[in-house]
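Structure record follows, encoded as structure tokens.
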């Protein structure tokens, strides 16, 4: 008994990375355990009900799970945990959603008592139609997603055997030639296609767009792609045109600027959630065509109205893509139950070691408030403290120093507060991109950056997601959205596209010591630390002195 | 050999080990300690004690006991052979059941078996549902109702035939008209089914069904080694959970309500804070309290005791103490409908459930279902089988404590072998991994002192085979506030970390110290001052590592350990005796009222009295020596079985001196075996004038009894 796995009684699994059987064990537990964090020595997985049910849905049974745990465990596996695994997995599939030739969508069970139990739930009642017999009830087709969600909550997950609509067929193939789909991308696509719907989690820069394109080619159906903003929509379009057989005419943009509906339509979350007279007129886009596939880019940002609408379109295949499945509102479970289970996940550092993303070094630079700033800060109201700390004068000095230090690299200076960014841009003489910058100008600046004509950009949170700037090597973060872990990760993600010369990316976060800024920084860094990124912490004076 | 004429004779004839077993089974017989075998027999034949004893026998034995009563009522003296014959039992089962009944003092005799009168009373006037024989002709066959047709039995009320052979006037009249001669009219106008008639209708059977046998226990078998290892791991984990809880109480004493109980909501809150489920939390809390690891202080707060701080026993010894506490505990922590948990609030039913479940697990020795467990318990405890909820709870507790694994009792529990536990406990590691995400993972169980120290600087996150902690600004500030300097935290982590400390962790510690060391609020019981060099030597001394020094300044350190203990530790570590400057006593536990009574000692006392009376001899006077004496001294004498010379005023006001062996210590009196007078009696503590030790060297004289502080 000297396996790499330690099974804890709270259902966490600790996997020792340096153990010779690490790979084998990871492959054995990956189908049913959720990777929670992957720092340098011990990776933590967690057994969740949802994870176990997803494993059942994917064809794994309790015996396999128990066997995997007992085979690789270093210590005796708690018996209660084994019993719990068996009981949890046995709950899956006792209810099934099926297409009945006569009654349409129905909820059935071989155990009438379970069906009786769920029928009595106040949350289930409005989602069900008439009871056909004691083991079968009609389901309103539009409530398929919501019913599944509620049943998961009740602890009786339904096995969805009602299938997916194929959607309107549209031939799409990959234009591989000088590039190939990577193994992990193919594994992610295979996992998704086999399961029907689900979420793929890959680090920034690891080629999530290729995963989307490969899935589209695999299904060859009309596709609706939902993205965070117009710039991202255009990047997707450019990438699809470059990587697939799709032509310009076949790919439409549905944004604030254009309203094109084509076999492949790329829409922004913003336009879909535009509200007029209490209605969301653009949500009709979901029904504008017989979509065979819906792709949700940056699925962790899925806005609430789209959440609701997604529940209504459970018959269509759904693919969620993200690097950081952390929702600050804690609705990760909703993502899994509405879009589908996690189909693929890979530790960031592992991708880095295989060369699929750029190596990165993270540094926290500590600055101090001046005497005047410190007294203002001390007297400030709690809600103003972060703004004051984030605006420390010393940050400009540090940013200037870092720009000089990385004079041959392309840099991004990223911040939260527009006035701070404007001052920085003016002070450092750099172009500024914010939400107010017109899309065209934004596009031009980004293009100039990609071509190397613009060496450094000062950007607001508009560049947090989905902006592909492959040559960016250095990022200097001067402020952020409080303690947002996913923002920190996404900002580092801007640098992770592998560099042509294999250079290491540098991510600097400038933090004011002994203020809430440093408290928030500690929280922000947690996700990346859990992914194995270790922050070097240097004093601004030391840095400037060097 | 003299003929056995009574229960007292029978008890007198039992061997010492059999008597000890009887007293263990029926502890009420020894409390208060009986003064003779006659008194013991009298007590064993009391109604309450008999009812309690009947609860200890299984369904087979209970049926046999009732059958013997019925036979005796019918004028037949039962013998083992007649019992086997009447009940169609094989001799093995009969002997086993009879041994159980004789062992419990519910039956007496040698060849001929007799039931004590209290047992007859228990079964009432109609044992086996049979009326006593007619006084005129007890052995006569059916006289009136003839012939007895077996088919009549089917037409009679079941209760009349098998339970109560008596009917009220109206019902009896109707039946008597239907079956003339079947019933006999009594003087009180009720109707009785005569014994002989009933037996004929029953075709001679005493019970409607066969005497029940122990249900077969069949389940999945597990390798004993695997079970032992899993249970030992769990045992180790439970120990660590309890230590963590007690350590937490040291930092955050848990306030009890004015009623002395703990609100269930509060319990849930604390359990969540400690990342424990409520059952584990309450079990751990209960056993820690019973085991003297924690106590309620004057402010009704649960706080760690000195003995916990000082505890240097091995893991197996510490676990064994917890296990014994659990086995003897009666606290019911499963009553979810109770609004509060009351410390040490006994519920005999839960204690019974624990013992019963443990017995069942040992009997099965394989993983059996809950249904099988319940069926077996119904047979084993036909009078008061524990209910499902308590059985389920006891099973969970056994699993949580490490008594069983995979539903099977561990080999070290079955064999009562602490050494076997020691060999199966997981090997302890001395190091952990500190990672950049601020987690501290100990891949193997840590030594107690190390784990406690780690829990002072980091928050517990996950337990099991490994322990996972997380450093956070709050945990670091807390450690600093408890008096641990940032440099000490760094040194501690660096010393035990198996990998270099990440830079972010180093900086976080420094940050916390910057914001946390400005003000230090700490609580300690003992402080030591000295030159900075001397203090540094103390802090770095390996023998004093577990003292948990709190640095107040370069010249002052403190600890939560009691001042006397610190003094002796310093002396042992080779330091010149440092004068403790501050001592803040708190939360010292009082000795229990009386140590658990050793049945062997009671039996020995009874034999002594018996022998002395038969020999009419006087014990030799002892050399009188005197020692400072107190209530604690009497308590120790009880515990150790020592003899003392007691000087006291008796009920008539006369001064008495006796060589005594204290047996039990009550709140106001002590029960002693008086060797001088060959008697067992009680002496009021207030009447004791002095106590002298029998064996030590001559002293200055008898001292007056003093109550302990």
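The values are calculated or read from the model by the stated rules, or taken from the named source; none is laboratory data. None of these values were measured; they are calculated from a predicted model. Cβ sites come from the backbone with ideal geometry, for glycine too, and all protein chains shown count toward neighbours.
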Residues of the range B:551-565 satisfying the condition of being touching a residue at least 24 places away in the same chain (Cβ under 8 Å), closer than 14 Å to residue B:532 by Cα and not in a strand (DSSP E or B): B:555
The range B:396-426, subset at the interface with chain A (Cβ under 10 Å from one of its Cβ atoms) and assigned to a loop (DSSP other than H, G, I, E, B), residue nearest to residue A:16 (Cα to Cα): B:426
Residue A:152 part of a helix (DSSP H, G or I) and either in contact (Cβ under 8 Å) with a residue 60 or more places away in the chain or in contact with a strand residue (DSSP E or B) (Cβ under 6 Å, 6 or more places away or on another chain) (or both): yes
Meets criteria (assigned to a loop (DSSP other than H, G, I, E, B) and closer than 24 Å to residue A:362 by Cα) for residue A:467: yes
One residue from B:641, B:653 being at pLDDT below 85 and out of contact with any strand residue (DSSP E or B) (no Cβ under 9 Å at 6 or more places or on another chain): B:653
Residue match in the range B:200-220 (condition: within 14 Å of chain A (Cβ to nearest Cβ) and either within 30 Å of residue B:286 (Cβ to Cβ) or surrounded by fewer than 23 Cβ atoms within 10 Å (Cβ to Cβ) (or both)): yes
Matching entry among B:580, B:591 (being at pLDDT below 75, crowded, with 17+ Cβ neighbours inside 10 Å and either assigned to a loop (DSSP other than H, G, I, E, B) or not assigned by TED's automatic domain parsing to the domain that holds residue B:300 (or both)): B:580
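Determine, yes or no, whether residue A:387 is over 17 Å from residue A:538 (Cα atoms), assigned to a helix (DSSP H, G or I) and touching a residue at least 60 places away in the same chain (Cβ under 8 Å). Give the steps one after another, and end with the answer.
Details: over 17 Å from residue A:538 (Cα atoms): yes; assigned to a helix (DSSP H, G or I): yes; touching a residue at least 60 places away in the same chain (Cβ under 8 Å): no.
Answer is no for this residue.
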Candidates A:490, A:486 - the one that is under 30 Å from residue A:16 (Cβ atoms), at pLDDT 85 or above and assigned by TED's automatic domain parsing to the domain that holds residue A:450: A:490
Hits in the range B:176-192 - residues which are surrounded by fewer than 13 Cβ atoms within 10 Å (Cβ to Cβ) and out of contact with any helix residue (DSSP H, G or I) (no Cβ under 6 Å at 6 or more places or on another chain): B:177, B:178, B:180, B:187, B:188
Any hit, the range A:504-521, residues being touching a strand residue (DSSP E or B) at 6+ places or on another chain (Cβ under 6 Å), within 20 Å of residue A:349 (Cα to Cα) and within 7 Å of chain B (Cβ to nearest Cβ): no
Boolean, residue A:107 is surrounded by 14 or more Cβ atoms within 10 Å (Cβ to Cβ), over 17 Å from residue A:62 (Cβ atoms), at pLDDT 90 or above and within 33 Å of the chain's Cα centre (by Cα): yes
Flag if residue A:369 is closer than 27 Å to residue A:48 by Cβ and touching a strand residue (DSSP E or B) at 6+ places or on another chain (Cβ under 8 Å): no
Hits in the range A:254-277 - residues which are in a helix (DSSP H, G or I) and touching a residue at least 24 places away in the same chain (Cβ under 8 Å): A:269, A:270, A:272
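Residues are listed down the side, and each one gets a yes or a no for (1) away from chain B (no Cβ under 14 Å); (2) assigned to a loop (DSSP other than H, G, I, E, B):
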position: A:83; (1), (2): no, no
position: A:87; (1), (2): no, no
position: A:99; (1), (2): yes, no
position: A:102; (1), (2): yes, yes
position: A:105; (1), (2): yes, no
position: A:108; (1), (2): yes, no
position: A:115; (1), (2): yes, no
position: A:121; (1), (2): yes, yes
position: A:126; (1), (2): yes, no
Members of the range A:431-452 found to be surrounded by 18 or more Cβ atoms within 10 Å (Cβ to Cβ) and in a helix (DSSP H, G or I), listed by number: A:442, A:445, A:446, A:449
Odd one out for residue A:90 among (1) surrounded by fewer than 22 Cβ atoms within 10 Å (Cβ to Cβ); (2) closer than 30 Å to residue B:427 by Cα: (2)
Which listed residue, of B:297, B:332, B:306, B:337, is modelled with pLDDT under 85, assigned by TED's automatic domain parsing to the domain that holds residue B:252 and within 16 Å of residue B:256 (Cα to Cα): B:297
Count of residues meeting criterion [surrounded by fewer than 19 Cβ atoms within 10 Å (Cβ to Cβ) and not in a helix (DSSP H, G or I)] in the range A:229-251: 2
Residue in the range B:129-151 that is closer than 17 Å to residue B:206 by Cβ, in a helix (DSSP H, G or I) and modelled with pLDDT under 75 present: yes
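Going by the structure shown, is residue A:526 within 12 Å of chain B (Cβ to nearest Cβ) and either closer than 17 Å to residue A:461 by Cβ or touching a strand residue (DSSP E or B) at 6+ places or on another chain (Cβ under 8 Å) (or both)?
Here the answer is no, as residue A:526 does not meet what is asked.
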Positions within the range A:535-546 being within 12 Å of chain B (Cβ to nearest Cβ) and surrounded by 21 or more Cβ atoms within 10 Å (Cβ to Cβ), in sequence order: A:535, A:537
Residue A:325 being within 30 Å of residue A:144 (Cα to Cα) and crowded, with 21+ Cβ neighbours inside 10 Å: no
Selection count where residues are in contact with a strand residue (DSSP E or B) (Cβ under 7 Å, 6 or more places away or on another chain) and either more than 17 Å from residue B:242 (Cβ to Cβ) or surrounded by 21 or more Cβ atoms within 10 Å (Cβ to Cβ) (or both), scope the range B:418-430: 1
Whichever residue in the range A:155-175 is in a strand (DSSP E or B) and in contact with a helix residue (DSSP H, G or I) (Cβ under 6 Å, 6 or more places away or on another chain) and, among such residues, is nearest to residue A:114 (Cα to Cα): A:158
